[in-house]
Structures are given as C-alpha cells and as structure tokens.
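Visitor: Okay, handing you the structure first.
The values are calculated or read from the model by the stated rules, or taken from the named source; none is laboratory data. Owing to the predicted nature of the structure, the values given are computational and were not obtained by experimental measurement. Because the Cβ atoms are built from the backbone with ideal geometry, glycine has one as well, and the counts that use them run over all protein chains shown. We work out accessible area using only protein heavy atoms, side chains counted, and drop any ligands, DNA or RNA first. Shrake-Rupley method; radii C 1.70, N 1.55, O 1.52, S 1.80 Å.
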Amino acid sequence: MKAFAAEQVGLGLDSARVRELPDPTAGAGQVRVRVAAASLNAADLKVLEWRDGASFIHGKASPYVVGYDFSGVIDQVGSGAAGLRMGDSVFGFLPYASKTKSGSLAELVLADPSWLASKPDALSHEHAATIGTAGLTALQGLRDKLRMRAGQKVLVHGGSGGVGTFVVQVAKKLGLTVVATASAAKLDAVRALGADHVFDYRTTAVAALPGPFDGFFDAAVKSSYSECKGILSSGAGYLTLLPTLSLVTGKLRSLLSPHHVEFLGVTAVRSDLEQLAAWVLEGAVHPQQGTGFRFENAHPQENQ
Ligand SMILES: NC(=O)c1ccc[n+]([C@@H]2O[C@H](COP(=O)([O-])OP(=O)(O)OC[C@H]3O[C@@H](n4cnc5c(N)ncnc54)[C@H](OP(=O)(O)O)[C@@H]3O)[C@@H](O)[C@H]2O)c1
C-alpha cells in the first residue's frame, strides 16, 4: 500500500514521504479499512516531531505512518471483530496511544471496531474524516470535563484552530453563549461559526476578556489557570489539552478555589462520533478543512 510515512517517529515532517509499505492484515478483533479520506491535526505533527510529551504516550513506531483520523470502507474483518462487515462505510480515529500501530494517511488502516462508527450515506468521506480528533475533543471537553449546560457562557481560547472551530460550533449547539479568541485575520471566520463575541488574542489579554465564564476551554493551550481564574464564575471549570507542569500547578491551586482544573485526553466513543456526524448532517457543525490533497502531492520535491 501507499502511505505517508517517516522511517521512524521523532524525525520530523521533512522525513515523511509517500512510501510503499506491505499491506497490513486484520488480526483478531480488528478490521481493515480502505481509506477514502484522512485528515491531519496539529497533534499529529507533534508525534512526528516527538514534541509536547508525545514520547510518553506513543510507541516508537518504525516506519511511522502519519495521521489518526479517517473515513473509508471495511475491506477485511479479523476473527472476533463483531458488529462490522465487509463493505461497511465507517469513520473514526486511532487512539493517541502506544497500542496504535497504524496511521491514517495510508491506503489501508487497521482499527478496533470500537474506534469506529458507521458513516451515514449523506455524509461525505471528507467531512467524516475531520470529525475524530477535533470533534471528539470539543464534545468531550465541553460536556464531560467542563460540564457545560445550556444558558451558560464559555470562553474558547483559540477558536480558529482545528479543535477550536469544533468547540465554537458544538458549544452553540449545546445552547451556550460563546466568547472566542483568534488572530485578527480569523475573527470574522470565527464569528461566522457562531461565536457571540470574538477577540484578538494578540491585543486582548486573557484576564481582560469579558467574564465571568462558566467554562474556559483552552483549545490553543496558551494560557494557565492562574492567569484566568479572575474571570471564572464560582463552580467554573478550566480545561487544557496538554499535560504540562502548568496543569499540575493549576490543579493544586484550584484545590483551594471554587473552580476545577481539567485535562482531556480524547478517546474514541462510538456514540459521540455518531452525535457529531448527525450535527454535521443537520448543518449545525461545518467542518473547516481544506480538501483535495492527494498522495501524489504529499511531498512535491519527492515527486518531481
Ligand atoms: N489532549 C488531547 O486529547 C488533544 C486533542 C486534540 C488536540 N490537542 C492539542 O490541542 C492543541 C490545538 O490543536 P489544534 O489541532 O486545534 O491546533 P491548531 O489547528 O494549530 O490551532 C491552534 C489554535 O491556537 C491559536 N493560537 C496560536 N497562538 C496563540 C496564542 N499565542 N494565543 C492564543 N491562541 C493562539 C490559533 O489561532 P490562529 O490560527 O488564529 O493564530 C488556533 O486557533 C494542540 O496543542 C494539540 O496538540 C490535544
């Protein structure tokens, strides 16, 4: 099969190119998916570069096939892989964990059925492939970690990113008032996604944003609990997406505060994938991806 892969993890993006690799075979409890579309997240590049704690949660794969999110059609079912059949259209994501040996920027990917959901016919593979990491992070962060309820007010720091664009839209779907930050050039786009108020993070400090907020979703991982606790309401949660030292100190400080400080490690939950797909289909959530990248164009200097 063709795959966009580095010789090994940790070598960085320049080491990745389209390579011919042996076709993987579905083992017990696995299915093999012929990938129709895959998407790339900022976090995937961190794994490739072995940054931001990636070395603690990923196996040292060699070769390392890039990517975690995908949509496609099942073309092999391993023994004991219940519930899915050859020819089923599915989408989902591979866990960010050392047990993951496949990558999604490949013609074939191996997956545990629990990481997948059935793709509705009306949902394109391109849209389905964007949902996994970013969509699940948004939904699980708002619902499970920040425990947001309709009518509350959330701050989305980094509302213009892969995760942030989902957070803004999912928050609106959940009935929240949304204040979001982004760079000046992207403020209009974030407003168009539904944000009620937008601020340029370069000219407005986090502590000066118009709270009080019932939840702070740091989708940019550029703040700390300490700098924003003054704009949180009593009982509010602060969520970050990287397990940093600042998370640990924030958690300790919050013990003596009326707030809770949270970290989310996104997980594949079939019902969450189905929920997000339904919201995309009804038009409440618009994936913000660029499309049309093909294997042949993945590394132009290798293909001239
Ligand atoms: N723990 C988990 O399960 C999990 C899951 C997914 C992602 N993540 C992590 O979450 C982070 C975001 O991922 P992503 O895919 O959304 O990345 P992304 O697409 O690169 O988005 C980054 C966001 O940060 C904003 N930003 C950049 N510099 C900033 C600054 N100085 N202050 C405030 N905002 C700033 C960007 O705004 P502009 O583009 O407008 O400049 C953009 O909105 C990454 O660190 C990723 O590794 C963790």
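Visitor: Hey, can you tell me all the residues within the range 150-189 that are of a type in the set (D, E, K, R) and free of Cβ contacts under 8 Å to residues at least 60 places away in the same chain?
Guide: Once the filter is applied, which keeps residues that are of a type in the set (D, E, K, R) and free of Cβ contacts under 8 Å to residues at least 60 places away in the same chain, the range 150-189 yields Lys186, Asp188.
Yes/no matrix, rows are residues, columns are (1) aromatic (Phe, Trp, Tyr); (2) in a loop (DSSP other than H, G, I, E, B); (3) more than 15 Å from the ligand (Cβ to nearest atom); (4) modelled with pLDDT of 85 or more:
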{"position": "Gln8", "(1), (2), (3), (4)": "no, yes, yes, no"}
{"position": "Leu11", "(1), (2), (3), (4)": "no, yes, yes, no"}
{"position": "Asp14", "(1), (2), (3), (4)": "no, no, yes, yes"}
{"position": "Val18", "(1), (2), (3), (4)": "no, no, yes, yes"}
{"position": "Val35", "(1), (2), (3), (4)": "no, no, yes, yes"}
{"position": "Asp44", "(1), (2), (3), (4)": "no, no, no, yes"}
{"position": "Phe56", "(1), (2), (3), (4)": "yes, no, no, no"}
{"position": "Ser62", "(1), (2), (3), (4)": "no, yes, yes, no"}
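Visitor: Looking for whichever is under 23 Å from Ala277 (Cβ atoms) and away from the ligand (no atom under 11 Å from the Cβ) here; the options are Ala219, Ala192. Which one fits?
Guide: Step by step, each of Ala219, Ala192 is checked, and only Ala192 is under 23 Å from Ala277 (Cβ atoms) and away from the ligand (no atom under 11 Å from the Cβ).
Visitor: Could you check the range 131-178 and list, in sequence order, the residues that are in contact with a helix residue (DSSP H, G or I) (Cβ under 6 Å, 6 or more places away or on another chain), part of a loop (DSSP other than H, G, I, E, B) and within 12 Å of the ligand (Cβ to nearest atom)?
Guide: Residues satisfying the conditions are Gly158, Gly159, Ser160.
Visitor: Further question: Given (1) open to solvent by less than 10 Å² (accessible area, probe 1.4 Å); (2) within 15 Å of the ligand (Cβ to nearest atom); (3) farther than 17 Å from Leu146 by Cα, identify the lone condition not met by Ala277.
Guide: (2)
Visitor: So, one more: Among the candidates Leu252, Leu247, Leu242, single out the residue that is in a loop (DSSP other than H, G, I, E, B) and either at pLDDT below 95 or of a type in the set (A, V, I, L, M, F, W, C) (or both).
Guide: Leu242
Residues checked against (1) open to solvent by 30 Å² or more (accessible area, probe 1.4 Å); (2) within 15 Å of the ligand (Cβ to nearest atom):
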{"site": "Gly230", "(1), (2)": "yes, no"}
{"site": "Gly235", "(1), (2)": "yes, no"}
{"site": "Thr240", "(1), (2)": "no, yes"}
{"site": "His259", "(1), (2)": "no, no"}
{"site": "Phe263", "(1), (2)": "yes, yes"}
